[in-house]
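Structure record follows, encoded as structure tokens.
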């Protein structure tokens, strides 16, 4: 893949430690075990899994983790240098780090003189001894030791001699790797490149990089550090972490491996990148970032008509890497911008021989434009658009006809729906209540239809979104409702638009049911 | 602020054009007008607002936009070079660009030879004429012309002579600015720096940069281009755009201005950055990215105990810039002290002598925490929180008591509301219909209350938003309704949360009315 194929880069994931410091992130012990398995399956070298000194849950995790058989990854316990005036062998935090019983430890120490004096409130020389003694203590206990030089780049800016002295102390103590941390995330990539290069020249020890994203440049900083000689990259797979997060390894790994030819994970595992990132997002209970480079659901989604035309001719015309190389997929979004290119695959499902220049294609493109002008949007509702196309081609087979509905809401928070419809010539009246009008409608509809179409039982709604259009008119405005449904095998989206939220929901709901009945 | 205070950088926002190519983004004409106002208020130089040639809605927008009085920004219409073999004066797209009647146009043309030959299917020389002729056509029509050299960096890699010839053609045609586009987002910042510097040396014309985020490096690439001599930066305020999005200007602007001393927007406007980014996210109906550098709600949120300790001693110990410089706020996630700071101004409205350590403040902070956990959010609904505080202090004066309500929806799209309430000991029953349940509720409530409180006549709802909270449970999920109201003099926001959208709307609606009655 390029010039550096033999340049091995150690990937060090700290989702379970620095990632856990992100807002809204809270891992159970089981979550942590799941994430370790997923990261090990991807093939990262190190997994920093917690701080047993500051957190009981982390200690419980390390006890259970000892039973895991990992294929590629080694677990790392994280902690600070010993306290002022206390030798490591008497420091409670250092001892609990040993209790974690990992092959590796990461020790962070201050390298910015201001922090030593005003936050730690120690003497500068004293901090050097704390760093050296702590690193030596763990080396003598047989551990591989990563020294995280906290605030290295800010420290270097304000007192370069001292920042380098801290690295020297760690090296004297026997550190296996000196990790340069941009703890505040405020350093630009060109500066990271310059200083990492300098440290690589001065020290024989391996050099690592740990970036935060406060300038939006954590991925760039990490890649530039590797270009300058670092062989160890810390980050979190999905970029979660304190404040704006850590460097996203799902961005850094393919940048290094697919574009620059470094070896970060086994080549055969790269196609698992997307599924691993999404599985970990799921465990973290955070919505995956659709725009995430390489692994986001939109990362290879084309919407502009010229982009769709270009990619259809030559994929690299609008794709910097092949989506399948990282396990992702190309998508053409159906929208007024995308033109006929995007509607052809749907049209061809029902009329295989139809051409892009046909009357049907032109008419359907016109219908799409008109519906979008009314507020419909089909990017997340392809099932609804497929129904529009089908009806336009005269394929419409009606599974049921609505005669009337009525929804009643009382202030005790119950909603009731009364629905009258006709299936196969038979009239059915059903009623159901629910925790809201749409819930009640869904239940009443199913009651009526499940006796005719039992496979509807497998289907359920998984997402419901409301968007008010032209919000200036407030409660009299038009609303667009998007519904996502699944039957376990497939996920589909439908849309409804109306001045009345109940009516818009009804349209999206019945489209969803019709789509399921259609596909069987 | 630094070494480059007189280095003016033109900020060119394309939220309404390239941003609209992002998945899930769909602007109405009113949305677009709102976003133009917000960007103009922030002080950007140019707003690219659409492609009138490809989109009817965009043409309707430009017609309405002509009536706007902008303080700092100029509107830009976007389109491609003329078609093969057609002089611009006979090209329908070029003519519709003139119809947009803007001072400026942005013309994109191919600069990658592969694209010319295989996507555009034109001769290389022919494309040069198309670029030159199109630029000249708009210059002669009196427009300021930006030439967007599509795929410049990829083009340069494969055929550097040709990529430069395309820029020369645009310069010959009279382009005011040559914009180097990393259309596929695959170029690294060091390469962008190198090539931008080279172009700046070769051309007298202004040079601009347009980055996409497919490597997660769009912000870094934009900043490095400026360091290399570019004076014009294109992007979208919140980073939305095709695939992984465009360079986020909310990241690029403070990086350039606060950290490197360039002048992007008026210095006095920097503190509006956060509120502008959030307002535009709201209009776009995308959940704002909590981790967004500078403007995200988590950007200055400290969770690690040592970080909170450090920031409490010296803010810059874990903050690369001051949060208030960009209009954001510091938050301590594990400490309720942060909550109290924010609630004191409201509490003091009703209890002027109350202290931050009082029982009342502690209790209210606890109530706030509990309500936020339930899904309430008061950032855009301070009126509702003020009512919570007032009731907690025993100031609650009830203007009306609800006895019961009932909302009925029929499938002919009308909703009716029946409301029974007590005012001053008198019972009132009213009914009204509306184009949706909330509309009907609002009308019925007013019917009942306006006879007692005539000044309600001045009040009207101006915005209504619905967000589904835990969307996994779909239609049984909780919803949050935000309502914005005005009486001409003031604008206020209220919020309601419930499993039932009708109930959530009812809460927000009655809060809004109570707030108006309270303030008189």
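Selection over segment A:450-471 of residues that are under 19 Å from residue A:401 (Cα atoms) and not in a helix (DSSP H, G or I) gives a count of 4. Kindly check whether there is at least one residue in segment A:386-404 that is in contact with a strand residue (DSSP E or B) (Cβ under 6 Å, 6 or more places away or on another chain), away from chain B (no Cβ under 14 Å), in contact (Cβ under 8 Å) with a residue 40 or more places away in the chain and surrounded by 20 or more Cβ atoms within 10 Å (Cβ to Cβ). No - not one qualifying residue is present in segment A:386-404. In segment A:312-329, the count of residues that are crowded, with 19+ Cβ neighbours inside 10 Å, at pLDDT below 85 and within 11 Å of chain B (Cβ to nearest Cβ) is zero. Scan segment A:209-218 for residues that are under 19 Å from residue A:194 (Cβ atoms) and in contact with a helix residue (DSSP H, G or I) (Cβ under 8 Å, 6 or more places away or on another chain) and jot them down. Hits for segment A:209-218 are A:209, A:211, A:212, A:215, A:217. Scanning segment B:57-84 for residues that are out of contact with any helix residue (DSSP H, G or I) (no Cβ under 7 Å at 6 or more places or on another chain) and over 12 Å from residue B:134 (Cα atoms) returns B:58, B:62, B:63, B:66, B:67, B:69, B:74, B:76, B:78. Does at least one position in segment B:201-221 carry a residue that is away from chain A (no Cβ under 14 Å), part of a helix (DSSP H, G or I) and more than 17 Å from residue B:112 (Cβ to Cβ)? Yes, because at least one residue in segment B:201-221 is away from chain A (no Cβ under 14 Å), part of a helix (DSSP H, G or I) and more than 17 Å from residue B:112 (Cβ to Cβ). From the list B:293, B:266, the one residue that fits, being under 23 Å from residue B:18 (Cβ atoms) and either touching a helix residue (DSSP H, G or I) at 6+ places or on another chain (Cβ under 8 Å) or in the same structural domain as residue B:41 (by TED's automatic domain parsing) (or both), is B:293. Kindly indicate whether any position in segment B:224-234 is touching a residue at least 40 places away in the same chain (Cβ under 8 Å), closer than 23 Å to residue B:263 by Cα and facing another protein chain (nearest Cβ under 8 Å). Looking through segment B:224-234, none of the residues is touching a residue at least 40 places away in the same chain (Cβ under 8 Å), closer than 23 Å to residue B:263 by Cα and facing another protein chain (nearest Cβ under 8 Å). Among the residues of segment A:457-471, the ones that are more than 7 Å from chain B (Cβ to nearest Cβ) and surrounded by 18 or more Cβ atoms within 10 Å (Cβ to Cβ) come to 1 in all. Quick check, is residue A:417 within 36 Å of the chain's Cα centre (by Cα), over 24 Å from residue A:519 (Cβ atoms) and more than 7 Å from every other protein chain (Cβ to nearest Cβ)? No, not satisfied.
Per-residue answers, yes or no, for (1) more than 13 Å from the chain's Cα centre (by Cα); (2) touching a residue at least 60 places away in the same chain (Cβ under 8 Å); (3) away from every other protein chain (no Cβ under 11 Å):
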{"residue": "B:240", "(1), (2), (3)": "no, yes, no"}
{"residue": "B:254", "(1), (2), (3)": "yes, yes, no"}
{"residue": "B:264", "(1), (2), (3)": "yes, yes, yes"}
{"residue": "B:275", "(1), (2), (3)": "no, no, yes"}
{"residue": "B:284", "(1), (2), (3)": "no, yes, no"}
{"residue": "B:291", "(1), (2), (3)": "yes, no, no"}
{"residue": "B:294", "(1), (2), (3)": "yes, no, no"}
{"residue": "B:306", "(1), (2), (3)": "yes, no, no"}
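Exactly one residue out of B:448, B:432, B:477 is in contact with a helix residue (DSSP H, G or I) (Cβ under 8 Å, 6 or more places away or on another chain) and at pLDDT 85 or above: that is B:432. Scanning segment B:194-233 for residues that are buried (at least 19 other Cβ atoms within 10 Å of the Cβ) and on the phi > 0 side of the Ramachandran plot yields a single hit, B:216. Of the set (1) touching a helix residue (DSSP H, G or I) at 6+ places or on another chain (Cβ under 7 Å); (2) surrounded by fewer than 24 Cβ atoms within 10 Å (Cβ to Cβ), all apply to residue B:242 but (2). In segment B:245-269, how many are surrounded by fewer than 22 Cβ atoms within 10 Å (Cβ to Cβ) and part of a helix (DSSP H, G or I)? Selection size over segment B:245-269: 5.
Just checking, how many residues over segment B:118-148 are touching a helix residue (DSSP H, G or I) at 6+ places or on another chain (Cβ under 6 Å), more than 13 Å from every other protein chain (Cβ to nearest Cβ) and either free of Cβ contacts under 8 Å to residues at least 24 places away in the same chain or under 23 Å from residue B:190 (Cβ atoms) (or both)? Total satisfying the criteria: 0.
The values are calculated or read from the model by the stated rules, or taken from the named source; none is laboratory data. All of these numbers come straight from a predicted model, not from anything done at the bench. Virtual Cβ from ideal backbone geometry, glycine too; neighbours counted across all protein chains shown.
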